[in-house]
Every structure is written in C-alpha cells, then in structure tokens.
Amino acid sequence: MLQRILKAQKQMDAACQKLGRGINIMEVCGTHTVSIFRNGIRTSLPQQLKLLSGPGCPVCVTDQSYIDIALALANREDCIIATYGDMIRVPGAGGSLEQKQPGSNIKVVFSAEDALQLAKDNPDKMVVLIAVGFETTAPATAVVVTEAARQNIKNFCVLSGHKLVIPAMRALLTEKNNNIDAFLCPGHVSVIIGYKAFEPIVNEFGKPCVVAGFEPMQIIEGLAEICRQLENEQPQCSSIYTAVVTENGNKKARELMAEVFESSDGYWRGLGKIEKSTLKLKRQYEQFDALKRFSLSEQPVEDKSGCRCGEVLCGLIEPQQCSLFEKKCTPDSPVGPCMVSSEGTCSAWYKYGRRRTRE
C-alpha cells in the first residue's frame, strides 16, 4: 500500500513540475467528495494540485424551481408526495417538505417500488414520486413507470428531476471560468453509462477523464493517472475501477432509460439551463408525468437567500468563501442543498474539512 501511495505521489509531483503551474482536477461525484474529505486526501496532495468539487450531488444540483413545484404539490389534499430522505430538508421559496405538519401527505420511501406500492395502497390519492438523481437511479424510475403502465395504475406519477452528467461537464467547460484541467469521473454513474461515454469531453476539450472507485487508494491512483496523462499530453477516457465499470456500461439499464425517457433542456442549480441535460417521460408514458398531469412547468427562480451553493457546485469558490457557511448555514439549520445532502460539498467541508484547510 505504501509503495502504491509513494508511486502515485511521485507521478503527481512529476506532472506538476513538468507543467510548471497549478493543476485543477474536478471530481464529479458526491461520494468522491465525501471520501476525499473524510480521508484527508487533499492534505496529501502536492501544493500545486487542487481538487474542485463539482456538480456531483443530485440533490444539490436540483434547481429551486423543482423544489417549489414539489412543495406546491405537497399542499394539495389529493396528493401523496413520495420522496427519498435526502430531498426532504432541501429548502425552497416556501420552506421544505420536512416543515410540513406531522402526519401530512409527505412519505419518505427507500425505493421507487415503494412509491408505486403507496399508489396501490391509496387508490383515492395521486402519489407523486420525487425522482431526483443521475443515470444511476433513472433505470429504477423507468422500471416502475413501465410497471405502472402494465398494471394500469392511474394514481401514480413522477416529477422527474433526473439529470445527465455529460452535458453538465460540457457546460462547465464552455460557460464557467474555472480552469478545469481534468475530471475524476463518477463511479456509480459510470457503472450505467460506461467509461467510454466520456469520450466527447476528451475529444472536444482535450481533458482527461478517469473513472475511479471510492476507496482512498482508488482515488489517489485515479488522480495519479490523470496527472500521467497531463504530463504526457495524452488525454484519454479510462477506468481504474475495473471491478464494476466497463467500457460500455450496463446495456439493459441504458435500454430501460431509452424506452421510458428522452433528453430535454433543463435547469441546474449554479449552471442554469443546459440543453438536453434532463430526462423527461416519453409521449407514450406522459400520463405518468406530474408536470403534465397537473399542468405545471419548471421555470427559473431567483434564490434570494444569499446561498452561494451554485458557485460551489461549479468549482468557482470553496464553501468557506460563502458568508453564510458555518454561521447561518449549518447541517442543523441549512440554507442551501449543499449543506443538506450527505454528499454535499458544504456538508462534507463542515464535517471533515474545516480544520484540515491548508494555508
């Protein structure tokens, strides 16, 4: 283990020395972000190598307008809101789902199947699944939509907040001045889409894209592989997470997504509107689309809270540069989603990083 660490550090040092400048690597995965902070990886890197925490937390990148729609539906007596636990505390303009009265129509579920079962158990209510996530969780939503169609369940619908990683990475490189040199790519998403999916980023922008697992050694070796590519001026898309990530990913899962969803323009916190970056239900399944069912539309809204979560997600600032961080915004009283989610950068920084910050 020690020899592997020393070898990786030597490679990082060599790349920094050859390039003669700082290297900025963005991790696009909330699990990577937490592991990096929890294991103190930042403090073991060369001073010239900087890690940027990107839009890898699905809860964090969800635009406030989506939260406001969920809150509006929660106010309806004819609806039951089925949500995963990490979404319940995210604040919108009118509070959060958690702040609804005890015993209300907000139900925390552990899977999309649980939401469908709620619909079966409550035929007099419309059950709305708050479906947030990247390509990792979209197949599970696709399964329950097809199952609802097969069983002709009419009181079930989905508020789709599923997002696609590649368009966000492209937006970061074309619209934000954050000087990203390379990406440490998400392991969970890559299980579905495969590491070859990052080829457009390599080919269009010349940025290395390396998929790594979540153990400290995997992350360190992933960073070293990125540095090797930068040093040799040979950007590639590759994976060192070979135990679970293949070149083309999970074919069945991708087929399920393609059957049920189509890409659509959508809003991201911090990144605004991105073309073909979100998943909406196809026409043959639109009876399960909550937006269509209730004649709603997602429109951008101004966040007046002072939270700078959007800039954190784009790698433009670090959490402590937000005036609310650790003062008005804490895990017990979060102002923005980056402090709410267990995968949020602000949450990880608050829990692990405050006393490890280097001068």
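The values are calculated or read from the model by the stated rules, or taken from the named source; none is laboratory data. Only a predicted model underlies this, so the values are computations on that prediction, with no experimental measurement involved. Ideal geometry is used to build each Cβ from the backbone, glycine not excepted, and the neighbour counts take in all protein chains shown. When the accessible area is computed, the model is the full protein with side chains, heavy atoms only, and any ligands, DNA or RNA have been set aside. Shrake-Rupley method; radii C 1.70, N 1.55, O 1.52, S 1.80 Å.
Can you give the log10 of the normalised intensity I(q)/I(0) at q = 0.10, 0.13 Å⁻¹, computed with Debye over equal Cα scatterers of the chain?
Reported log10 I(q)/I(0), two decimals: -0.61, -1.01.
What fraction, in whole percent, of alpha-carbon pairs in the range 38-104 exceed 13 Å separation?
In whole percent, the long-distance tail amounts to 71.
How much of the accessible area of the range 254-359, probe 1.4 Å, is carbon plus sulfur, in whole percent?
Summing carbon and sulfur atoms, their accessible area is 43 percent of the total for the range 254-359.
Just need the relative contact order of the range 69-226 here, percent rounded to a whole number, with Cα pairs under 8 Å and 6+ apart.
Over the range 69-226, the number comes to 17 percent.
Taking the simple approach of a point 7 Å from Cα along Cα-to-Cβ for both Glu259 and Val108, what is their distance in nm?
About 3.2 nm, to one decimal.
Rounded to two decimals, what is the ratio between the C-alpha radius of gyration of the range 233-339 and 2.2 N^0.38 Å?
1.47
Based on the Kirkwood radius over alpha-carbon pairs, what value in µm²/s does the Stokes-Einstein equation return for the translational diffusion coefficient of the range 90-154 at 25 °C and 0.890 mPa s?
So the translational diffusion coefficient is about 185 µm²/s.
Considering only protein heavy atoms, what per residue accessible area in square angstrom results for the chain with a 1.4 angstrom probe?
I get 45 Å² per residue for this part.
Can you tally the net charge around Val211? Count Lys and Arg as +1, Asp and Glu as -1, for every other residue whose Cβ sits under 12 Å from the Cβ of Val211.
Overall, the nearby charge balance is -3.
Expressed in whole Å with the largest first, what are the equivalent ellipsoid semi-axes of the range 16-128 derived from the C-alpha gyration tensor as the square root of 5 times each eigenvalue?
Ellipsoid semi-axes (Å, largest first): 42, 14, 11.
Rg and Dmax in Å for the range 149-274, alpha carbons only: what are they?
16.8, 57
Apply the Karplus parameterisation 6.51 cos²θ - 1.76 cosθ + 1.60, with θ equal to phi minus 60°, to every residue of the range 323-331 and state each ³J(HN,Hα) to the nearest whole Hz, in sequence, with x for glycine and proline.
5, 8, 4, 6, 10, 7, 10, 9, x
Summing Lys, Arg as +1 and Asp, Glu as -1, what charge do residues with Cβ under 13 Å from the Cβ of Ile201 carry, Ile201 excluded?
0
At a temperature of 20 °C and a viscosity of 1.002 mPa s, determine how fast the range 278-359 diffuses translationally according to Stokes-Einstein, using the Kirkwood radius over alpha-carbon pairs as Rh; express D in µm²/s, rounded to the nearest whole number.
Answer from the Stokes-Einstein relation: 143 µm²/s.
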